[in-house]
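What follows is a set of notes on a single structure, which appears directly below.
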Amino acid sequence: MTELDQTAAADAQVIAVRNPATGEQTGSVPIVAPDEVAAAVRELRLYQPEWEAIGPEGRKKWLLKMQDWLIDNTEHLAAVLQSETAKPRVDALIDPAFAVDLLGYYARRAGKFLADEHPSPHSPLARVKSLTVAYRPYPVVGVITPWNFPLAMPAIDVFPALAAGAAVILKPSEVTPLSAVELARGWAEIGAPPVFKVVTGAGATGAAVVENADYIQFTGSTATGRKIAAACAERMVPYSLELGGKDPAIVLADADIDRAAHGIAFGGMFNAGQVCISVERVYVEAPVYDEFVTKLTAAVAALRQGEDGRESNNDVGALANENQVRIVQRHVDEAIAAGARATTGGKRTGVGTFFEPTVLVDVDHSMSCVAEETFGPTLPVMKVADEAEAIRLANDSSYGLSASVWTGDKARGERVARQLNAGAVNINDVFSNLFNPAMPMGGWGLSGVGARWGGAAGVRKYCRAQAMTKPKLPTMSKELFWYPYDMNKLVVMVSAMRVAGARGLRRIDLPAVWRLKSGK
């Protein structure tokens, strides 16, 4: 093998990570082969029983140490995150702060959330048994995360799974793996038990996680989510999927238009629009449409765009990669060709993967910018006649992740929210559900299956519920209904069940019961 061939072979074993703003290589990670993933899962299985055995309080100690590490290393983590995403400094600092907040929530509450439950028996006849539901973790949880929030996305799923007592194998996006590698480094530095591993690579590495773990949490595209669901169904392995979104915002005529314009500008442009719950469609009642478009355009046009260092100078950063730029450009170009108009933005800046924050008007549901997920800095705005039309159009989508309603009447806002086909609705705000882990975060339709968080549900999802019964009274040598069958005993049992569970005269229809015995 020549020196050139050796270099090519070596290069094939690693993934180069580049800053999308400059194209500069900022790091590299190894491609972990499928057999190495399987070996990593086998090793995690060895350590998981002890991790489960130390209980929620024992795990809390390590999770809070990890929280300390995140706080102590925030500046460094933000810099690493910027190097692989070109996020503005403020956005980069949000990831570790979010992770700290979520980690504290589940570390401190897992004991309560995972405590045994003792349901009340449904019938007086069942009170002879003591009922217990226990929560036992899946041994190894596989987490596959996207590139838009390289630290926060892993934290969202890894920490609740660890709090549940599971071991975790994390496969981050090959576009932004460096932050996840830092997370694993932190877990090792605090001396925590070896129940958390990161495996880096592309599709084959992710597929190996799906093939080997006991539960799969995936965040990403609907197309990939479908493949993961099929693979999990083949193995009879449970899964949770958070997929695409095309989140609508409804601006009613009684709304505070200034707040709506600023809120929707933030909701559409945060992280350059690369958020699963970004505002991607806006429906505005006719009486305030012109005022809203004017104010939204001004708010978006005023955004500062560029690459930050350690100082905060910009509001909007670059898109993650060239493929994402092509999607955004296609949606804008197709809309304009079909009669839409950009009131601001509409094209690349000419530097890296930056795309100008864009507001589109004169759009309709036939256009790709409205029908397809864009995942970029665009805000298509449509005029509607009234509330009913806004609701109808907002629901005219195969996605259903979240939505927002802007109105001066909170009761009206809630009434509208209850008619929207979305897993979450924020009234006069955006993203606020994302910062409340006591609430479930899950999508309807093509936006996913299952949910994150939701208080106890967010940690119990990584557990198997185990039902146990034990007798309250001294036991007989055998129960009434055990073999050999005896019709006299059956009549007694059926009579008792009817009295306890039926209603009206049928409860005491003893002739009907006795017919069971006679066979007539």
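The values are calculated or read from the model by the stated rules, or taken from the named source; none is laboratory data. Quick caveat, the model's predicted, so the values are computed rather than measured. Backbone-built Cβ (ideal geometry, glycine too); neighbour counts: all protein chains shown. The area values use the complete protein model at the heavy-atom level, side chains included, leaving out ligands, DNA and RNA. Shrake-Rupley method; radii C 1.70, N 1.55, O 1.52, S 1.80 Å.
What helices in the chain pass both tests, a Cα length along the helix axis of 27 Å or more and a mean Kyte hydropathy of 0.0 or higher, using whole DSSP H runs?
Those that clear 27 Å and a mean of 0.0 are 89-113.
As a test of the definition: which semi-axes, in Å, follow for the stretch 341-483 when you take the square root of five times each eigenvalue of its alpha carbon gyration tensor? Largest first, please.
48, 20, 15
Set the Förster radius R0 to 22 Å, insert the Cβ-Cβ distance between Ala438 and Glu117 as r into 1/(1 + (r/R0)^6), and round the FRET efficiency to 0.05.
My answer for the efficiency is 0.75.
Using a 1.4 angstrom probe, figure out how much accessible area the stretch 145-270 has per residue, in square angstrom, rounded to the nearest whole.
Counting only protein heavy atoms, the per-residue value for the stretch 145-270 is 28 Å².
If you average the alpha carbon positions of the stretch 402-420 and of the stretch 248-278, how far apart do those two centres end up, in angstrom?
Using only Cα atoms to place each centre, the spacing works out to 14 Å.
How big is the stretch 207-307 on each of its three principal axes, counting only the C-alpha atoms and giving the largest first in Å?
Taking the Cα atoms of the stretch 207-307, the three principal extents are 55, 34, 17 Å.
With N residues in the stretch 329-384, what two-decimal value do you get for its Cα radius of gyration over 2.2 N^0.38 Å?
1.05
So what's Rg/Rh here for the stretch 425-509, counting alpha carbon atoms and using the Kirkwood radius for Rh?
Result for the stretch 425-509 is an Rg/Rh of 1.30.
Please compute P(r) over all alpha-carbon pairs of the chain, binned at 20 Å starting from zero, and give each bin as a whole-number percent.
Per 20 Å bin, starting at 0, the Cα pair percentages come out as 20, 45, 25, 9, 1.
In a shell of Cβ-Cβ distance under 12 Å around Phe218, excluding Phe218 itself, what net charge do Lys and Arg (+1) and Asp and Glu (-1) give?
+2
Could you tell me the distance between the Cα centroids of the stretch 331-386 and the stretch 149-208, to the nearest Å?
The stretch 331-386 and the stretch 149-208 have Cα centres separated by 35 Å.
Roughly how many debye, to the nearest 20, is the charge dipole of the chain about its Cα centre, given +1 on each Lys and Arg Cβ, -1 on each Asp and Glu Cβ, and no other charges?
Using Cβ point charges on Lys, Arg, Asp and Glu, the chain gives about 3620 debye.
Enumerate by residue number the trypsin sites (Lys or Arg not before Pro) in the stretch 446-511 meeting two conditions: DSSP loop (anything except H, G, I, E, B), and at most 12 other Cβ atoms within 10 Å of the site's Cβ.
Filter output for the stretch 446-511: Lys472, Lys478, Arg503.
What lysines sit close enough to Lys60 to cross-link, taking a C-alpha to C-alpha distance under 27 Å and skipping anything fewer than 8 places away on the same chain?
Lys112, Lys171, Lys197, Lys461
Stokes-Einstein D for the stretch 227-271 at 10 °C, 1.306 mPa s, Kirkwood Rh over Cα pairs, in µm²/s?
Calculated translational D: 114 µm²/s.
Taking 1 over the mean of 1/r across every pair of different Cα atoms in the stretch 278-380, what Kirkwood radius in Å do you get?
Radius from the Kirkwood sum: 14.2 Å.
Find the Rg to Rh ratio for the stretch 1-160, where Rh is the Kirkwood radius over alpha-carbon pairs and Rg uses the same atoms.
Result for the stretch 1-160 is an Rg/Rh of 1.13.
Rank-order 149-159, 416-426 by packing density, defined as the average count of other C-beta atoms within 10 Å over each peptide's residues, highest first.
By packing density, highest mean first, the sequence is 149-159, 416-426.
In Å, the Kirkwood hydrodynamic radius of the stretch 98-251 over pairs of distinct alpha carbons?
17.3 Å
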